[in-house]
1. Could you check the range 154-185 and list, in sequence order, the residues that are outside any helix (DSSP H, G or I) and more than 14 Å from the ligand (Cβ to nearest atom)?
2. Taking the range 107-125, which residues are closer than 24 Å to residue 187 by Cβ and either free of Cβ contacts under 8 Å to residues at least 60 places away in the same chain or in a helix (DSSP H, G or I) (or both)?
3. Across the range 126-141, what is the number of residues that are free of Cβ contacts under 8 Å to residues at least 24 places away in the same chain and either in contact with an Asp or Glu (Cβ under 9 Å, 6 or more places away or on another chain) or under 20 Å from residue 185 (Cβ atoms) (or both)?
4. I need the full set of residues from the range 110-133 which are of a type in the set (A, V, I, L, M, F, W, C) and within 16 Å of the ligand (Cβ to nearest atom), in order please.
5. Just checking, which of 73, 94 is within 16 Å of the ligand (Cβ to nearest atom), in contact (Cβ under 8 Å) with a residue 40 or more places away in the chain, assigned to a helix (DSSP H, G or I) and over 13 Å from the mean Cα position of the chain (by Cα)?
6. Taking the condition of being more than 14 Å from residue 105 (Cα to Cα), over 17 Å from the mean Cα position of the chain (by Cα) and part of a helix (DSSP H, G or I), how many residues in the range 36-67 meet it?
7. Exactly one condition in (1) more than 16 Å from the ligand (Cβ to nearest atom); (2) free of Cβ contacts under 8 Å to residues at least 60 places away in the same chain; (3) in contact with a strand residue (DSSP E or B) (Cβ under 7 Å, 6 or more places away or on another chain); (4) in a helix (DSSP H, G or I) is false for residue 33; which is it?
Amino acid sequence: MTQASDYENLLRVCRSRKSCRSFSARPVARECLDKIVELAATSPYASGSKAWELEVITDREKITALAGAVRRRCTELGNNADPDFRKEFLEYSRSFTAFETAPAVLIPAFKDRRTISLALPGRGLESFERDNSVKSISCVSMLALLAAESLGLAACYMTGPLLAAGEIAKIAGLRQGREPGALIPIGYKG
Ligand SMILES: Cc1cc2nc3c(=O)[nH]c(=O)nc-3n(C[C@H](O)[C@H](O)[C@H](O)COP(=O)(O)O)c2cc1C
């Protein structure tokens, strides 16, 4: 019997990963969540500076509160939208709260770190630096998705909920200056 190469194993994990938007109530073992965090921590990061955390939320009340905040924000945006777009937006934005049924939600949180733009002011480098932080946290998120898949867990990468980023940061209790980069529900397919 030939042993599958690292590449083949990784390809299998990548190919089997699919976004999940409906979860069973079965809880995820803490050990699995710790393993996801451990693997995501190997991510590359701009400037080699690990100005990020992966918050793990398993408190049902907090998850419900997160979904409530996203729903309120989407309703507010939808109600203020052009009537032609309102129905379409409200329907589409339903996928922004699909994390609600998951037993665990990961929040990769980043710091919008400013160094070059402070040293070289007035050159419009702020968005370059912010983009670097956002790209970095996206690498972390991708690894978390693959880690979940490798453990037989379902997940979904969600940035739609970030329409309520400020409220998410408050409810999740993110550290001062941290912003949510995505919401990643983790669990078993429902
Ligand atoms: C930047 C980004 C944001 C996303 N945001 C959401 C989201 O808010 N809600 C959602 O249900 N899926 C979201 N997705 C998941 C995509 O819809 C999904 O990856 C895509 O349809 C491909 O399906 P697959 O992941 O099953 O291969 C997002 C994906 C990306 C890359």
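Readers should treat all values here as calculations from the given coordinates under stated rules, not as data from a laboratory. Just so it is clear, the model here is predicted, and its values are computed rather than measured. Cβ: placed from backbone, ideal geometry, glycine included. Neighbour counts: every protein chain shown.
1. Result: 173, 174, 175, 176, 177, 178, 179.
2. Residues satisfying the conditions do not exist here.
3. Residues that pass the stated criteria total 3.
4. The one that is of a type in the set (A, V, I, L, M, F, W, C) and within 16 Å of the ligand (Cβ to nearest atom): 110.
5. 73
6. Qualifying residue count for the region: 3.
7. The failed condition is (2).
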